[in-house]
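Below: the structure, in structure tokens.
All of the numbers you see were taken from the coordinates with simple rules; none came from a lab. Quick caveat, the model's predicted, so the values are computed rather than measured. Glycine also receives a Cβ, built like all others from the backbone with ideal geometry; neighbour counts cover every protein chain displayed.
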Amino acid sequence: MDTGKRDIAAAAARLIVEEGLEYGAAKRRAVRDLGLPARTALPNNDEIEAEVRDYIQLFCADTQPAELQALRALALEWMEHMAAFRPYLGGAVWHGTATRLSDIYIQLFCDDPKSAEIALIDHHVDYEPRMVTGFHGEQVEALSVHARSRALGTEVGVHLLIYDLDDLRGALRPDTQGRVPRGDLAAVRRLLAS
């Protein structure tokens, strides 16, 4: 990675950890904060993630493991509530780079795309429907809720991304680093137990 990309990645990592920004927004703001041209080549997400891990190791090693554990426990609660919709945990909470400012991203693989929304309505859960970028770059519906984390003493954004059941086939292919990109209920339980 060249020096310019490394500077952007380091600045973006700080924004992700300290302000809870998503990768794309953090990269754009890092370019602006560093006074670089808008068309500057950006580091890829793997490079950003490596810088996030380094930043956490340097500045958050004493607090981040407990925060990650609390987020994974909250994710597991929501996955158990939504078990009928084949939930998979992804993002920073799955990969281990989450801090107390991170949101939880759970992908649901539904026979009927409206069934998860109906389940939330039936259980009187307030949610906000919106469209977000999915794991293949396409737009998918997300049902976003604010869930209280007693362990963190704050509310955490939980985003339930709605996918068709057929999308599950491609969802478990290893990522560019050879890692499983998301985990089911059993995998999250194993993470919490370890």
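Within 11 Å, Cβ to Cβ, of L165, how many net charges do the neighbouring residues add up to if Lys/Arg are +1 and Asp/Glu are -1? Mind showing how you got there, number by number?
On the way: positive: R86, R169; negative: D111, D112, D164, D166, D167.
Net local charge, L165 excluded: -3.
E77 to R28: extension gain in nm, 0.36 nm per residue of separation minus the Cα-Cα distance? Don't jump to the answer; show the numbers that get you there.
Values: separation 49, 0.36 × 49 = 17.64 nm, distance 3.34 nm.
Difference between extended and current length: 14.3 nm.
Using Cα centres only, tell me the gap between segment 144-171 and segment 6-47 in whole Å.
Centre-to-centre distance over Cα atoms comes out at 24 Å.
Fewest Cβ neighbours within 10 Å first, please rank Y127, Y23, Y88, Y163 accordingly. Provide the component values of the computation, followed by the final result.
On the way: Y127 17, Y23 20, Y88 26, Y163 23.
By the 10 Å Cβ count, ascending, the order reads Y127, Y23, Y163, Y88.
Apply the a/c threshold of 1.5 to the C-alpha gyration tensor of segment 115-194 and tell me whether it is rounded, prolate or oblate. Display every interim value, and only then the final one.
Details: a/c = 1.88, a/b = 1.18, b/c = 1.59.
Since a/c reaches 1.5 but b/c is at least a/b, the shape of segment 115-194 is classed as oblate.
How much length, in nm to one decimal, is gained on full extension between T40 and R148, taken as 0.36 nm per residue of separation minus their Cα-Cα distance?
35.0 nm
For segment 55-121, state the semi-axes of the equivalent ellipsoid (square roots of 5 times the eigenvalues of the alpha-carbon gyration tensor), sorted largest first and rounded to whole angstrom.
Values: eigenvalues 165, 20, 14 Å².
With the √(5λ) rule applied to segment 55-121, the semi-axes are 29, 10, 8 Å.
Using C-alpha positions alone, give me the convex hull volume of the chain per residue in cubic angstrom.
Working: hull volume 24.8 nm³, N = 194.
So the per-residue hull volume is 128 Å³.
What's the exposure ranking of S102, S115, going from fewest to most Cβ atoms within 10 Å?
On the way: S102 21, S115 13.
By the 10 Å Cβ count, ascending, the order reads S115, S102.
State whether segment 3-59 is rounded, prolate or oblate according to the following rule on the C-alpha gyration tensor (a ≥ b ≥ c being the square roots of its eigenvalues): a/c under 1.5 gives rounded; otherwise a/b larger than b/c gives prolate, and the remaining case gives oblate.
Numbers: a/c = 1.83, a/b = 1.52, b/c = 1.20.
Since a/c reaches 1.5 and a/b is larger than b/c, the shape of segment 3-59 is classed as prolate.
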